[in-house]
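Student: Before anything else, here's the structure in question.
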Amino acid sequence: MQPFRILIVDDHAHAREAIREILEEYDDFLIVGEGKNGEEAIQLTEELMPDIILMDIQMPVMDGLEATKRIKLKFPYVKIVMITVSDDITDLFDALKKGAQGYLVKNLQSEAWAEHLRAFAIDEVPMSKEIAFQILKEFPQNKAKSKEKVPLSTREIEVLQLVAKGLSNREISEALFISEHTVKSHLKNILSKLHLDNRVQLTSYAFKQGLVD
C-alpha cells in the first residue's frame, strides 16, 4: 500500500516541524510539502496533489476555513483535516460544513495523531457528540422537511440514518449484519450520489430530508 501523501499548512514553523516529526515516525505517511497560509495551501494542492491536507484554522493572507472551501470545490477528493490548539467547536463545525473531514487537536500524543489520521484517510471517523449537538441545533423539530427526492436505495438510506446517529462503520455493519467493507462501499456511493464530503454533511442532509428524528 502506498503511503498517504500529506500537505501541512500552518503559519507557525515550529508547529509544522512538530507535525512533521510526529508523522515521519510512520511509514504510511509521506510529507510532500508545507505551506504557511491558505493561498499557499491552494497552490500546493494544485502542484502536489496530496491525499490529505493538515490545515490550521487561523492564518494570515487566507485562513484555513476559506482555503478549505476553495480546495473542496476544486479538488473534492482531497481530504482536509483541521489542526487546532483547542476543540472550540464553532470554527471546527464551520470547517466541517465546508467539507473538511474532521479535526485534530495539536496536543494529542503522536500515537493518537497517527491513529486518528489513518481513520480520516479511510473515512472511518464517526462524529463526536459535540458536532452532533451542533447539527441538532440547526434542525429544530418543527422545521419543515425538504420535498427533494432522495436519490438513494433503501439500504443506502438505512446506512445514512445510522451515520446520522453517530455510529461508526463497525457499529453500522453490526446493526445491519453486513461487512465493514460493504458499509464503506455504501458510504462511498452515498457521498458520490449526494455530492457531499463527510459525515457531518451527510447528517445535515438526513435531518433536512426528515430521515432521522
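Student: Can you name every one of the helices (runs of 4 or more DSSP H) wholly within the stretch 150-201 that holds 2 or more residues which are open to solvent by 30 Å² or more (accessible area, probe 1.4 Å) and within 19 Å of Pro76 (Cβ to Cβ)? Break it down stepwise before answering.
Tutor: Working: elements: 154-164, 169-176, 180-194.
Of the helices (runs of 4 or more DSSP H) lying wholly inside the stretch 150-201, those with at least 2 residues that are open to solvent by 30 Å² or more (accessible area, probe 1.4 Å) and within 19 Å of Pro76 (Cβ to Cβ) span 180-194.
Student: Inside the stretch 25-125, counting only strands (runs of 3 or more DSSP E) that do not spill past its ends, which hold 3 or more residues that are more than 23 Å from Leu196 (Cα to Cα)? Give the steps one after another, and end with the answer.
Tutor: Values: elements: 29-35, 52-56, 79-84, 102-105.
Filter on the stretch 25-125 gives 29-35.
Student: If you take the residues in the stretch 202-213 that are of a type outside the set (Ser, Thr, Tyr) and part of a helix (DSSP H, G or I), which one is surrounded by the most Cβ atoms within 10 Å (Cβ to Cβ)? Full working, then the answer.
Tutor: Just the residues of the stretch 202-213 that are of a type outside the set (Ser, Thr, Tyr), to begin with: 202, 206-213.
Add one more test, that the residue is part of a helix (DSSP H, G or I), and what stays is 202, 206-208.
On the way: Leu202: 20, Ala206: 22, Phe207: 20, Lys208: 15.
In this case the residue turns out to be Ala206.
Student: Inside the stretch 126-140, can you point out the residues that are farther than 14 Å from Arg199 by Cα and in contact with a Ser or Thr (Cβ under 8 Å, 6 or more places away or on another chain)?
Tutor: Glu138, Phe139
Student: Test of understanding: among Glu158, Glu174, Glu148, which residue is more than 17 Å from the chain's Cα centre (by Cα), at pLDDT 90 or above and more than 20 Å from Ile122 (Cβ to Cβ)? Write out each step before concluding.
Tutor: Working: Glu174 fails: more than 20 Å from Ile122 (Cβ to Cβ); Glu148 fails: at pLDDT 90 or above.
Residue meeting the stated conditions: Glu158.
Student: Okay, moving on. Restricted to the stretch 85-135, and to residues that are among the aromatic types (Phe, Trp, Tyr) and within 10 Å of the chain's Cα centre (by Cα), which residue is surrounded by the most Cβ atoms within 10 Å (Cβ to Cβ)? Walk me through it before giving the result.
Tutor: Kept after step one, since they are among the aromatic types (Phe, Trp, Tyr), are these residues of the stretch 85-135: 93, 103, 113, 120, 133.
Okay, now just the ones that are also within 10 Å of the chain's Cα centre (by Cα), so 103, 120.
Details: Tyr103: 25, Phe120: 21.
Selected residue: Tyr103.
Student: Then there's this: Report, ordered by the first and then the second residue, all pairs with beta carbons closer than 6 Å, sequence separation of six or more or different chains, a first member in the stretch 32-57 that is within 16 Å of Lys69 (Cβ to Cβ), and a second member that is open to solvent by 10 Å² or more (accessible area, probe 1.4 Å) and in a strand (DSSP E or B).
Tutor: Ile57/Thr84
Student: Are any residues in the stretch 96-112 among the hydrophobic types (A, V, I, L, M, F, W, C) and at pLDDT below 85, and if so, which ones? It would help to see each step written out before you state the result.
Tutor: So the first thing to find is which residues in the stretch 96-112 are among the hydrophobic types (A, V, I, L, M, F, W, C), and the list is 96, 100, 104-105, 108, 112.
If the condition is that a residue be among the hydrophobic types (A, V, I, L, M, F, W, C) and at pLDDT below 85, then Val105, Leu108, Ala112 are the ones that fit.
Student: Could you check the stretch 66-84 and list, in sequence order, the residues that are free of Cβ contacts under 8 Å to residues at least 40 places away in the same chain, buried (at least 17 other Cβ atoms within 10 Å of the Cβ) and under 12 Å from the mean Cα position of the chain (by Cα)?
Tutor: Thr68, Val78, Ile80, Val81, Met82
The values are calculated or read from the model by the stated rules, or taken from the named source; none is laboratory data. Everything numeric in this text was worked out from a predicted model, so none of it was measured. For neighbour counting, all protein chains shown are included, and Cβ atoms are generated from backbone atoms with ideal geometry for every residue, glycine included. Surface accessibility is based on the protein's heavy atoms, side chains included, excluding ligands, DNA and RNA. Shrake-Rupley method; radii C 1.70, N 1.55, O 1.52, S 1.80 Å.
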